[in-house]
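The values are calculated or read from the model by the stated rules, or taken from the named source; none is laboratory data. What you are looking at is a predicted structure, and each value in this text was computed from that prediction instead of being measured. Here Cβ is always computed from backbone atoms with ideal geometry, including for glycine, and neighbour counts include all displayed protein chains.
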Amino acid sequence: MKSTLPIASALLIMSSGLPGWAGEPDSQVSYNTVQVGDASVFYRAAGPKSAPTILLLHGFPSSSHMFRELIPELAETYRVIAPDYPGFGQSSSPSADAYDYDFATLATTIAGFTEALEVPSYTLFMQDFGGPVGFRLAQANPEKVEGIIIQNATIHAEGWNPDIVGQFAPFWENRTAETETPIRGFFAPETTRWQYTQGASLAHRINPDAWVNDQSGLDRPGNHEIQLEYLWSYQDNVAQYPAWQAYLAEHQPDTLIVWGRNDPFFLTEGVEALQALVPAADVHLFDAGHFALETHAAEIGDAVRRFMAR
């Protein structure tokens, strides 16, 4: 009788000759964690490891989850890495004794994260909180920055909505239980949803899972106190605006601006101020809100691909 291979072995031999069967494809998103100091940092990654890297830095109150649709748009050609900050998403929330929840510490953590993943250089994609993190990275090591992509993250005072400034100014000037009250309002479910829907002309494209996911993170025990510390330290970012403006003016990095023009937090005056610093910046304004990726991921992905290919 003729011998036959076990079915599993036969399938293995067959699969080795079929495209896409031999191992996990580079464009497949992987979900990982790496220890950086006292923080366990969760991240999403996809794309060829030998390709240029895009480091995706998320905003408040989201996580790498906000890039779930953009990552597949880019991963065929580029290495895409999106970490969750400590206190956000699936990353750990060290005690306040072990971790300082401020932006200088956060930037140090993300710098350590890139070193742990052996990422020597990258294009920064920065949204909201990602701006203060990314510009600290760029200012500290400009030689590592191959390009900058800014999505609704201002580094100019005139880029802020005055109504939002009016809520934060008393808190920053004198932190008390009374001045904390308006800030705690940013942790409410209706506010989280509002951040996604306000100004979104294509609201039917917004997946409700986005704000539900964010709210579940905010509602974890102790997380309000963590977020208060981050928001308290945001005043240090404003103090750094002149230094970050000087960085752009001096280094003139390749810059792409993709911006939801109806953002209730950051106004298009911030875009104009960025253009004045980097006249060659490629600018795309979308009829979207603060989280423009929720409604325009394909359009923003196209703009990023064209920018990266230049």
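Go through region 29-74 and count every residue that is touching a residue at least 40 places away in the same chain (Cβ under 8 Å), more than 13 Å from the chain's Cα centre (by Cα) and under 20 Å from ILE148 (Cβ atoms). Qualifying residue count, region 29-74: 4. With respect to the conditions (1) surrounded by 16 or more Cβ atoms within 10 Å (Cβ to Cβ); (2) assigned to a helix (DSSP H, G or I); (3) in contact with a strand residue (DSSP E or B) (Cβ under 9 Å, 6 or more places away or on another chain), ILE148 falls short on a single one, namely (2). Taking region 92-143 as the range and being free of Cβ contacts under 8 Å to residues at least 24 places away in the same chain and within 26 Å of ARG68 (Cβ to Cβ) as the test, the residues that pass are GLU115, GLU118. With the structure loaded, tell me whether ARG306 is of a type outside the set (Ser, Thr, Tyr), free of Cβ contacts under 8 Å to residues at least 40 places away in the same chain and in contact with an Asp or Glu (Cβ under 9 Å, 6 or more places away or on another chain) or whether it fails that test. Here the answer is yes, as ARG306 does meet what is asked.
Whenever a residue of region 167-180 is closer than 10 Å to GLN235 by Cβ, its partners that are among the polar types (S, T, N, Q), lying with C-beta atoms within less than 8 angstrom and at least six residues away or across chains, give the pairs PHE168/GLN235; PHE171/THR179; TRP172/GLN235; GLU173/THR179. Against the list (1) surrounded by 13 or more Cβ atoms within 10 Å (Cβ to Cβ); (2) modelled with pLDDT under 95, the condition TRP172 fails is (2).
The residue that is nearest to the chain's Cα centre (by Cα), among those in region 279-310 that are within 24 Å of THR192 (Cβ to Cβ) and part of a loop (DSSP other than H, G, I, E, B), is PHE291.
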